[in-house]
Amino acid sequence: MTKTKRANALMYVVLIIVSVISVFPLYWMVISATNKSVDVSRGTMLPGTAFLDNFKSLFQLQPVQSAMINSFKYAIILTVCALVICSLAGYGFEIYHDKGKDMVMSILLLAMMVPFVATMIPLFRMFSSAKLLDSTIAVIFPTISTPFLIMMFRQSARSFPHDIIEAARIDGLNEIQIFFRMFIPTMRSTYAAAMTITFMNAWNNYLWPKVIIQSDANITMPMLVANLTEGYVTDYGVLMLAVLLCSLPTVIIFFLLQKSFAEGITGAVK
């Protein structure tokens, strides 16, 4: 065996080991959702027959349907608003570039270093004073615009040909029409990547909804999963089924948009 073949064989062995380690938690979650709690505790690695029992118990213990609807509502509204606002900001920072905007962008990037927990109490007091606790606005507003997405769209706007903008202006299009008719279709992969990131973050968000939501009717799926661990006895089969249901939407979104996601991320950092 030549040196090159040995190197390739070693590389494939390492990749297989890493792949197994990466996939194992997903496999364990799916298998555990089909087993009873006692079997999960014993470390059973084979599918069981308790899936339907776990499913019935989950829907009896927690408002799964309303939590799923709430999570979709918050995630979709936040994703749409964030894409529009952040893409407009990133487009404006780059197309109408000057030193003042560079300074503002630098301040926005510095804000990325401030942890959310440092601003959580002032945000809670602000929404409490505005009587917006336990509302959709309170859930989505703090993350409706992020410096990361603005930077991502700004980087993508650098590859947008300025000659096209000038030609469109000569043809009579205004700035809003140029943005919606020309920039958005051209940057589809960037929008797909941004949508994937925003939807996954919004769906998996737990801390802020836990603070701001005060009624069971408005809980999200991550909050529902956390509720299953707060009793004296935890049914691990039901818990794993809830984790599986909570994970499915983000997994589906990622696999549907993985190609565009990779292209968008690559384009954003060029």
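All of the numbers you see were taken from the coordinates with simple rules; none came from a lab. Owing to the predicted nature of the structure, the values given are computational and were not obtained by experimental measurement. Positions of Cβ are backbone-derived with ideal geometry, glycine not excepted, and every protein chain shown enters the neighbour counts.
Ordering S19, M151, T79 by Cα displacement along the dipole of the chain toward the positive end leaves S19 in first place; charges were set at the Cβ atoms of Lys, Arg (+1) and Asp, Glu (-1).
The angle separating the long axis of helix 236-268 from the principal Cα axis of greatest extent in the chain is about 20 degrees.
Its Cα centre serving as origin, the range 107-224 has a Cβ charge dipole (Lys and Arg +1, Asp and Glu -1) of approximately 180 debye.
The stretch between R6 and I170, if pulled fully straight at 0.36 nm per residue, gains 52.9 nm over its current Cα-Cα span.
Dipole orientation for the range 117-252: of the candidates F183, I170, N218, I170 has the Cα lying most toward the positive pole (charges on Cβ; Lys, Arg +1; Asp, Glu -1).
In terms of the mean number of neighbouring beta-carbon atoms within 10 Å, the peptides 168-181, 57-70, 198-211 order highest first as 198-211, 57-70, 168-181. Reported to the nearest whole Å, the Cα centre-to-centre distance from the range 102-173 to the range 188-209 is 13. When semi-axes √(5λ) of the Cα gyration tensor in Å is calculated for this entry, the matching label among (1) 40, 29, 16; (2) 35, 26, 19; (3) 30, 20, 17 is (1). Restricting attention to the range 57-268, the count of lysine pairs at 8 or more positions apart or across chains with alpha carbons under 30 Å apart stands at 4.
Under a point-charge model restricted to the Cβ atoms of Lys and Arg (+1) and Asp and Glu (-1), what is the dipole moment magnitude of the range 57-268 relative to its Cα centre, in debye to the nearest 20?
Details: 12 positive and 12 negative charges, 26 e Å.
So the magnitude is around 120 debye.
The angle between the Cα long axis of helix 99-111 and the longest principal axis of the Cα atoms of the chain comes to about 10 degrees, rounded to the nearest 10. Relative to the longest principal axis of the Cα atoms of the chain, the long axis of helix 3-32 makes an angle of roughly 70 degrees.
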